[in-house]
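To start, the structure under review is shown below, and the notes come after it.
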Amino acid sequence: MVNKILLLTHYGWGKSLLKSVEMILGKVDFVYEIPLTPELSFDDYKNAVSEFISKPDGQYVIMTDVFGGTPTTVASVVVKDKDIDIITGLNSPLLIEACSRILFDGGLDVENLLKTTKNSIFDVKKKMGLKGSENNG
């Protein structure tokens, strides 16, 4: 079962997201980030990710920000033959749910996580039946 999360995001966005999650849940010392910054080449980034996941200290899931972006591409290249899941579309509800499962259940079932969080994006006014929601979709 997964007990660690690796965030691969553009320019350190994952670190900011993690700070928000920690404001809600408290310290989550099992989440790591390798940011893609402008000075890193594809190969530099790939090597950093490869080195990180080669450490035998737990079962990881990788979460990336944008499908088709360099972080997702690097993840798919690096873990091609490894038993590591990659989830793209990183957002607050996804990371909060994943961290909660690890904190409170001791591990994370990735398939169940995806089922639980896939509907985390919706029109709030429509869901709450607020006036004017009929114009939004």
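Consider the stretch 1-12 and keep the residues that are within 23 Å of Leu103 (Cα to Cα) and either among the basic types (Lys, Arg) or more than 11 Å from the chain's Cα centre (by Cα) (or both). The one that is surrounded by the fewest Cβ atoms within 10 Å (Cβ to Cβ) is Met1. Number of residues in the stretch 22-57 that are of a type in the set (Val, Ile, Thr) and either at pLDDT below 95 or farther than 20 Å from Val74 by Cα (or both) equals 3. Mind listing whichever residues of the stretch 77-102 are more than 14 Å from the chain's Cα centre (by Cα) and surrounded by 14 or more Cβ atoms within 10 Å (Cβ to Cβ)? Selection gives Val78, Val79.
Taking the criterion of being in contact (Cβ under 8 Å) with a residue 40 or more places away in the chain, over 14 Å from the mean Cα position of the chain (by Cα) and surrounded by 11 or more Cβ atoms within 10 Å (Cβ to Cβ), the residues of the stretch 25-57 that qualify are Leu25, Val49, Phe52, Ile53. Residue count for the stretch 84-137 under the criterion of being in a helix (DSSP H, G or I) and not hydrophobic (A, V, I, L, M, F, W, C): the result is 18.
On the stretch given as the stretch 36-83, residues that are within 28 Å of Gly106 (Cβ to Cβ) and not in a helix (DSSP H, G or I) total 16.
The values are calculated or read from the model by the stated rules, or taken from the named source; none is laboratory data. Keep in mind it's a predicted model, so treat the numbers as computed, not measured. Glycine also receives a Cβ, built like all others from the backbone with ideal geometry; neighbour counts cover every protein chain displayed.
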